[in-house]
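The values are calculated or read from the model by the stated rules, or taken from the named source; none is laboratory data. Just so you know, these numbers come straight off a predicted model, no measurement behind them. For neighbour counting, all protein chains shown are included, and Cβ atoms are generated from backbone atoms with ideal geometry for every residue, glycine included. SASA here: full protein model, heavy atoms, side chains in, ligands and nucleic acids out. Shrake-Rupley method; radii C 1.70, N 1.55, O 1.52, S 1.80 Å.
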Amino acid sequence: MMIKNLLLVSFFTLLTFKLAIAEVFPTASPVPGGIAIIKLDHDFNNQSKVYFWKKRILTRKVNNSWQALVGLPLKIKAGAHKIKIINAQGKKYFQEFSVHTKDYETRHITIKNKRMVSPTKKDIERHYKEKPLIIAALKTWTENSNIQTNFIHPVNGRFSSIFGLKRIYNNQKRIRRHTGLDIAAPTGTAIISPAKGKVIRTGSYFFTGNTVFIDHGQGLISMYCHLDKTNVKAGQELTQGQNIGTVGMTGRVSGPHLHWVVSLNNTKVDPKLFISKNNAEK
Ligand SMILES: [Zn+2]
């Protein structure tokens with residue numbers, strides 16, 4: 001009897017503890033490459049629409065209040081910005097929010113395969129054929145009022161390159177921004193879908209290699225690059241944790257890793273904002 005009570009007490013303690021630390025993701029980070037979470041006023045309902053830079057914005061209801069989740073481009077200037085809201089009656093109004101500055105590191109990278117740094121004319125032609133397909137996938141908008149925004153890690157591995165880095169390849173003058181999060185893991189390591197969604201497309205591209213695009217709803221898209229094997233097909237519905245493929249080094253890479261992209265309102269944002277620090281780097 002004593003043991004039973006003790007177990008019951010520990011169970012409730014654990015439950016309370018779990019509820020107390022339950023966080024809602026993504027984490028707000030109103031900086032270039034981050035996400036602004038804007039509380040919408042009482043007039044807002046599920047018929048209202050939000051826009052930023054002419055793009056539809058994800059909205060959701062948390063604890064009975066509506067909020068807009070705005071993906072902020074790396075090129076956005078710090079200061080005041082506004083979202084446009086069109087309510088159910090078609091009335092337009094604006095709500096202001098602030099963007100703060102963020103300094104991103106610069107890193108020099110040497111790639112031995114010259115063709116990857118300075119692609120040939122043929123490579124560039126191939127890239128220009130592929131580019132519209134990638135752009136179209138990232139632009140996907142599907143109505144969905146039940147989006148899973150608390151992601152789990154897509155792969156077990158070390159974060160080898162963070163989002164937003166300013167990269168200079170082989171001492172070239174051009175600075176390229178790293179618009180994903182790299183997770184290093186051996187070739188063949190399983191990659192899982194961090195949240196429920198639907199596969200938009202899969203393909204093999206010059207820069208990103210074997211790639212999978214997942215639509216999580218309302219402009220929240222995730223992209224998985226350089227895969228060795230792809231285990232899903234376009235149109236397939238995915239549950240959180242479902243295997244989508246394996247880590248590889250296809251496309252422009254210097255070693256096996258997952259280049260993970262998260263896009264919100266067709267804007268690449270820091271994937272780390274969608275995952276808990278508690279189950280971070282393993
Ligand atoms: Zn990367």
How large is log10 of I(q)/I(0) for the chain at q = 0.08, 0.09, 0.14 Å⁻¹ when the intensity is taken from the Debye formula with one equal scatterer per alpha-carbon? -0.38, -0.48, -1.07
So what's the gap between the Cα centers of region 121-165 and region 191-258, to the nearest angstrom? 8 Å
With θ set to phi - 60°, apply the Karplus curve 6.51 cos²θ - 1.76 cosθ + 1.60 along region 54-69 and write out the HN-Hα couplings as whole Hz, x wherever there is a Gly or Pro. 6, 9, 5, 10, 5, 10, 7, 10, 10, 6, 6, 10, 7, 9, 10, 10
Amide H neighbours of I191 under 5 Å, counting only residues 5+ apart in sequence or on other chains, H built in-plane at 1.01 Å? I244, G245, T246, V247
In the structure shown, do any of K114/K198; K84/K268; K77/K166 have a Cα-Cα gap over 28 Å, and if so which? K114/K198
Residue list for region 236-251, given a label point 7 angstrom along the Cα-to-Cβ vector of A136 and an amide N cut-off under 19 Å: 236
Relative contact order of the chain, please, whole-number percent, based on alpha carbon pairs below 8 angstrom and at least 6 residues apart. 19 percent
Nonlocal amide H pairs with S160, under 5 Å, H built at 1.01 Å: D182, I183, A184
Given an 8 Å cut-off on Cα distances and at least 6 residues of separation, report the relative contact order of region 70-129 as a percent. 24 percent
For the chain, accessible area per residue (1.4 Å probe, heavy atoms of protein chains only), Å²: 55 Å²
Amide proton proximity set for A234, modelled H, under 5 Å, gap of 5+: T202
Cα shape, region 192-282, gyration tensor, a/c 1.5 rule: rounded
How much FRET efficiency would the formula 1/(1 + (r/R0)^6) give for K122 and H42, where r is the Cβ-Cβ distance and R0 is 41 Å, rounded to 0.05? 0.10
Given axes a ≥ b ≥ c from the Cα gyration tensor, I'd like to know whether region 23-99 is rounded (a/c under 1.5), prolate (a/b larger than b/c) or oblate. oblate
Can you order the peptides 256-265, 235-244, 93-102 by their average number of other Cβ atoms within 10 Å per residue, highest first? 256-265, 235-244, 93-102
